[in-house]
Amino acid sequence: MNRLLLLTGLVLCMLSTSCIPHKDIVYLQNKTTATDSTQVMLEQQKPYRIQINDILNIRVKALDQETVTILNPAGEENLNADSAERAYFDGFTVDVHGNIRIPTLGKINVLGYTTEEIEQIIEKKLLDEQFKETANIFVTVKLAGLTYTASGEVGSPGSQIIFKDRVNIFEAIANAGEIPITGNKREVQIIRQYPQGQQIHMIDLTDKDVLNSSYYYIQPNDIIYVKPVKQKTWGLGTTGRESLQTILSLLGIITTTILLINR
């Protein structure tokens with residue numbers, strides 16, 4: 001009888017520690033004191049500033065489009081190339097000195113500028129050196145897709161490209177195949193590049209306050225790393241059913257071994 005109670009207690013203890021709690025699975029929980037669930041979240045994103053190795057897509061339009069043909073990419077001719085390839089070959093890569101090299105304009109330093117500021121710089125340079133106001137020059141500058149890497153406990157680890165100006169952390173993770181139950185949603189790491197080097201930031205996706213985080217929107221070349229939960233390392237299962245099956249199997253092996261030894 002005492003042995004049965006001991007085994008029952010052991011099973012219950014192992015189940016309680018091996019299962020992944022529901023609160024560690026659900027996104028955007030209200031973890032603060034009683035607040036209005038319809039509270040408006042303030043976006044904290046600052047304009048992205050261009051860094052080394054970024055690729056820019058630049059388009060120049062004018063009343064006489066033939067006069068600006070040399071400034072525009074010729075990638076549309078290669079219809080077999082996908083969007084990422086065309087962006088790479090037709091775009092302007094920022095070199096280690098923060099410069100891009102544009103036909104007829106030469107090198108232009110873009111390091112630390114926003115895409116809107118670069119549009120103004122190129123437009124001014126064109127009007128000062130090559131065109132008049134009557135040419136109606138119109139310049140658009142965009143990042144050649146938002147490239148990031150997802151690793152660890154995600155459905156499809158690897159580099160991803162999304163062709164949008166803004167991508168939040170949930171969109172990025174969904175695009176990488178989502179976080180399985182074995183992924184730690186409470187301690188997701190974002191490794192971000194800065195001019196002075198890389199820094200690691202931690203965000204909790206189970207807390208709705210993540211919507212107010214300055215890291216809610218990812219940036220080009222971010223690395224998103226999702227750690228496994230401890231229960232995965234223990235190998236006892238991630239749900240109550242899996243854990244119970246594993247524990248019963250272990251107990252069966254132990255009981256059989258004891259019976260054989262007692263014989």
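The values are calculated or read from the model by the stated rules, or taken from the named source; none is laboratory data. What you are looking at is a predicted structure, and each value in this text was computed from that prediction instead of being measured. A quick note on method: Cβ atoms are made from the backbone with ideal geometry, for glycine too, and the neighbour counts reach across all protein chains shown.
Key figures
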| quantity | calculated |
| --- | --- |
| Selection count where residues are at pLDDT 95 or above and not acidic (Asp, Glu), scope region 219-234 | 4 |
| Residue in region 68-96 that is modelled with the lowest pLDDT, counting only those that are among the acidic types (Asp, Glu) and in a loop (DSSP other than H, G, I, E, B) | 82 |
| Tally, over region 175-203, of residues that are surrounded by 13 or more Cβ atoms within 10 Å (Cβ to Cβ) and either touching a residue at least 60 places away in the same chain (Cβ under 8 Å) or more than 16 Å from the chain's Cα centre (by Cα) (or both) | 6 |
| In region 148-165, the residues that are surrounded by 15 or more Cβ atoms within 10 Å (Cβ to Cβ) and of a type in the set (Asp, Glu) | 153 |
| All positions within region 146-177 that are out of contact with any helix residue (DSSP H, G or I) (no Cβ under 9 Å at 6 or more places or on another chain), aliphatic (A, V, I, L, M) and assigned to a loop (DSSP other than H, G, I, E, B) | 176 |
